[in-house]
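To start, the structure itself, in C-alpha cells.
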Amino acid sequence: MAGKQVNPTRMELTRLKKKLATARRGHKLLKDKRDELMRQFLDMVRENKALREKVEQGILQANGNFVLARASMENETLNEALMAPRQEVSLESSTRNIMSVDIPVFEYKTRTADPNDIYCYGYASTSADLDDAVKSLADILPDMLELAQKEKACQLMASEIEKTRRRVNALEHVVIPQTQSQIKYIVMKLDENERSTQIRLMKVKDMMLEQAHHYTEKQVNE
C-alpha cells in the first residue's frame with residue numbers, strides 16, 4: 001500500500017520524517033489537552049450536580065409556598081397581585097475561554113437595588129405564604145442562571161472532548177502508523193536501489209578490469 005502512495009525518493013523521505021515528527025508533537029499536545037479537558041469537565045459536572053440539587057430544592061420550596069398561597073387566597077386576588085411586577089431583570093451574556101472552548105458567562109442586573117421591589121403588591125390583601133414564594137424565587141434566580149451557565153459549559157466541553165478524542169485516535173491509529181509504514185517502504189526501496197547500484201558498479205569494475213587485463217596480455221604477446 002505504501003508503495004502505491006509515495007515515491008521512493010530522498011526528498012519524499014525527508015518530507016515524511018518531518019510529517020511524522022509534527023504528527024507526534026500534535027498527538028502529545030492533543031492528548032494533554034484531552035486529559036486537561038476531562039479533568040475540568042469532571043470538576044464542572046460535580047459542581048453542576050450539586051447546584052442542580054440546590055436549584056431543584058429551591059424550586060420545590062417555592063412551588064410549595066405558591067400552593068399554600070393559592071389555598072389561602074382567592075384566584076382573582078392572587079392573579080391581581082402578580083399582574084404588574086415592579087422589579088425587572090436584565091441579562092448580559094459574555095464568554096470566557098477554557099482550553100479553546102468559549103464558555104458562556106451570565107450576569108444579571110435588576111432595575112432597582114431595593115430588595116423589597118420584588119413584592120409588587122400590597123401586604124394587606126395578600127398572605128405571608130405569597131411573600132415566601134416570591135422571596136424564594138428571587139433567592140433561587142442567581143443559582144438558576146449559574147446552573148444554566150454550567151450546563152451549557154458542560155455541553156460545550158463534552159463536544160470539544162469528543163472532537164479532541166477523535167483527532168487523537170486519528171493521529172495514533174491512522175496518520176502515525178501510515179507515515180511510519182511509508183517511511184519504512186522508502187528506506188527499504190532506497191537501500192535496495194543502493195545495493196543494486198553497488199552491484200552494477202562492481203560488475204562494471206570487473207568488466208573494466210577484465211578488459212584491461214586482456215589488453216595487457218595482448219600487448220605482451222605482441
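The values are calculated or read from the model by the stated rules, or taken from the named source; none is laboratory data. Predicted, not measured: the structure shown is a model, and the values here were computed from it. Cβ: placed from backbone, ideal geometry, glycine included. Neighbour counts: every protein chain shown. For accessibility, only protein heavy atoms count, side chains too; no ligands or nucleic acids. Shrake-Rupley method; radii C 1.70, N 1.55, O 1.52, S 1.80 Å.
Okay, here's what the table says:
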{"item": "Residue satisfying all of: in the stretch 1-44; surrounded by fewer than 15 Cβ atoms within 10 Å (Cβ to Cβ) and among the β-branched types (Val, Ile, Thr); farthest from Glu194 (Cα to Cα) among these", "result": "Thr22"}
{"item": "Total residues in the stretch 68-89, condition open to solvent by 100 Å² or more (accessible area, probe 1.4 Å) and either assigned to a loop (DSSP other than H, G, I, E, B) or among the aliphatic types (A, V, I, L, M) (or both)", "result": "4"}
{"item": "Scope the stretch 72-121; condition among the acidic types (Asp, Glu) and over 30 Å from Met157 (Cα atoms); matching residues", "result": "Glu74, Glu76, Glu80, Glu88, Asp114, Asp117"}
{"item": "Every pair of residues 6+ apart whose Cβ atoms lie under 8 Å, when the first sits in the stretch 112-131 and is under 14 Å from Pro85 (Cβ atoms) while the second is open to solvent by less than 30 Å² (accessible area, probe 1.4 Å) and not hydrophobic (A, V, I, L, M, F, W, C)", "result": "Leu130/Asn65; Leu130/Tyr121"}
{"item": "Number of the condition not met by Glu47 [criteria: (1) open to solvent by less than 90 Å² (accessible area, probe 1.4 Å); (2) touching a helix residue (DSSP H, G or I) at 6+ places or on another chain (Cβ under 9 Å); (3) closer than 21 Å to Ile161 by Cβ]", "result": "(1)"}
{"item": "Exclusive hit being in contact (Cβ under 8 Å) with a residue 24 or more places away in the chain and not aliphatic (A, V, I, L, M), set Glu107, Glu160", "result": "Glu160"}
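Quick grid of which residues meet (1) surrounded by 11 or more Cβ atoms within 10 Å (Cβ to Cβ); (2) part of a helix (DSSP H, G or I):
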position	(1), (2)
Tyr121	yes, no
Val134	yes, yes
Ala138	yes, yes
Leu141	yes, yes
Lys152	yes, yes
Thr164	yes, yes
Met188	yes, yes
Ser196	no, yes
